[in-house]
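Report on one structure; see the data block that follows.
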């Protein structure tokens, strides 16, 4: 019983302590609120005092009046259909390089000085500006009714609509009108797009329906024209053809001259041929093999090739060559080399050959009594040679197989008399042809010949120039 009583006393003390804490917390909150409320009232009092000073101070009366007027204007006009705030914002947009057209009598006059493009500024409501800028408008120079001479004309924008204002820059143009006259010109021609023509074809000389054309322009322009060409397009042609060719006038520098050509095109016929010729493929070697090595043989998979060119070129071509740099070789090998086509040859049936190259050890052979030829005796001189020497000894280097059948008739030794003069005695160099198609190298045992020249004639050159 006593124990229960003690427990009740303890609970009462706890509750009392809790009540005291709540009371203290409430007191602190009340104090904080009172302080915040006092601060707010203080701010309001300060602002009110400041407003009173401004409103009732003569210094600021003008500013106050202006502010009130603006507020009244906004409140009256804000909901009005015609108010400032209900209108679309005014906008401007610049467009560049707008084409300039001219209205004038093109049959009678030539126009110069007019700019090809101009810039414009479109001004208006935003939506109207956007609409106008998307239209296909242009700038117009109205020259109708003007006579020959120099004029200042106004440029105006056309085709941008009536809801915008368009400013043109430049707004004026300084132009010249000249009377046109007519002159006749002979026709020349150019083939165009020849890169799109198969190389095996040769184009003949064009035949025109009319060999002369009329050109209409001012006198100054006509005097500047050097020639009128027919531009003949040969894209993809593979036989004789007839087509209309565009006519273009050029000055002496090759620049196009703007003039009226009557007619603008001319019918032209062109023959297309494919001349060809089959010629041998000749191997030409350059460079030196490693010491002690020589070329024994080279086998090509093709010995001839068909070439395409004009008849004039074909008549001069007797062979085509394949070049081989021997300094790149050090063992038997197989390589592919391109065919070198002579100038003027357009195409060939093959462009490369396969070479099978065999090397061997170098040996030498001494060949005596090789005849010395005289070439280029342009002054028809008589020659007196020391000891009446007419031959020379040549040492040939190559593989054993290539030297086996070599004779003096295979070697060409000579002296060149191009610069020889009568009354002179000299040691003139002796030369020997190094046959680039042979695998044998020649070295002269004696490289000079003592010769005295005198007026008169000697035996005919034994070698062609």
Förster-model FRET efficiency, 60 Å R0, residue 306 and residue 158, C-beta, rounded to 0.05: 0.40
Between residue 319 and residue 108, what length comes free when the chain is fully extended (0.36 nm per residue of separation minus the Cα-Cα distance, one decimal in nm)? 69.8 nm
Segment residue 397-residue 183, length gained on full extension (0.36 nm per residue, minus Cα span): 69.6 nm
For a quick check: sort 205, 135 by the number of other beta carbons within 10 angstrom, fewest at the front. 205, 135
Using a simple spin-label model with points 7 Å from Cα along the Cα→Cβ vector, what separation in nm is obtained for residue 264 and residue 194? 2.7
I need 45, 216 ordered by Cβ neighbour count within 10 Å, fewest first. 45, 216
Residues of the stretch 302-346 with backbone N under 19 Å of the label point set 7 Å from the Cα of residue 273 along Cα→Cβ are 306-318, 344-346
Going by Cα centres, the stretch 380-409 and the stretch 181-255 are how many Å apart? 60
Which shape class applies to the stretch 320-465: rounded if a/c is under 1.5, otherwise prolate when a/b exceeds b/c and oblate if not, where a ≥ b ≥ c are the square roots of the Cα gyration tensor eigenvalues? oblate
Global form of the stretch 235-366, assessed from the alpha-carbon gyration tensor, a/c cut-off 1.5: prolate
Shape call for the stretch 109-242, from the Cα gyration tensor axes a ≥ b ≥ c (a/c under 1.5 means rounded, otherwise prolate when a/b beats b/c, else oblate), comes out oblate
Let's test the formula: R0 of 45 Å, r as the Cβ-Cβ distance of residue 340 and residue 255. What FRET efficiency results, to the nearest 0.05? 0.75
Exposure proxy check on 151, 369: fewest-to-most Cβ neighbours within 10 Å is 369, 151
Have a look at the DSSP beta bridges in the stretch 90-179 and tell me what percent are antiparallel, nearest 5. 85
For the stretch 116-259, what does the relative contact order come out to in percent, with C-alpha contacts under 8 Å and a separation of six or more? 20
FRET E, pair residue 123, residue 99, Förster distance 25 Å, beta-carbon r, rounded to 0.05: 0.75
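Any read-out appearing in this document is the output of simple, stated calculations on the displayed coordinates, not a laboratory observation. It should be emphasised that the depicted structure is a prediction, and the values quoted were computed from it without experimental measurement. Using ideal geometry, Cβ is built from the backbone for each residue, glycine included, and neighbour counts are taken over all protein chains shown.
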